[in-house]
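Engineer: The structure that follows is given in the form of structure tokens.
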Amino acid sequence: MNNSFFDPNPNQDDNYNNNGNGKEFDREELATLSPQKRREFQKLFIILITVGLVIGSIVSFALIKVMGKFGLTEKTPQFERIQEN
């Protein structure tokens, strides 16, 4: 993409990515991870997803309990409108 909004340095070589610190990384080198590193990243990803799901379920359960305690889950009373013709 040669759009200056997405690519602030249009003269930069396509094989390198500038991360803002002046360091350039080869995209092909980053794409070829060792199988051990790939397994470590997959394990970390699964752990993070699991922790997020557990924390989210605990927070949602607690939120429902608190809303029930304060009566926020009950149906509100509906008032009839008086229409005069």
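Engineer: Kindly indicate the residue of the stretch 15-58 that is modelled with pLDDT under 60 and of a type in the set (S, T, N, Q) and also surrounded by the fewest Cβ atoms within 10 Å (Cβ to Cβ) among those meeting that condition.
Structural biologist: N21
Engineer: May I ask you to verify whether Q12 is surrounded by 10 or more Cβ atoms within 10 Å (Cβ to Cβ), modelled with pLDDT of 90 or more and of a type in the set (S, T, N, Q)?
Structural biologist: no
The values are calculated or read from the model by the stated rules, or taken from the named source; none is laboratory data. The structure displayed is predicted, hence computed values, not measured ones. Glycine gets a Cβ as well: all are built from the backbone with ideal geometry, and neighbour counts include every protein chain shown.
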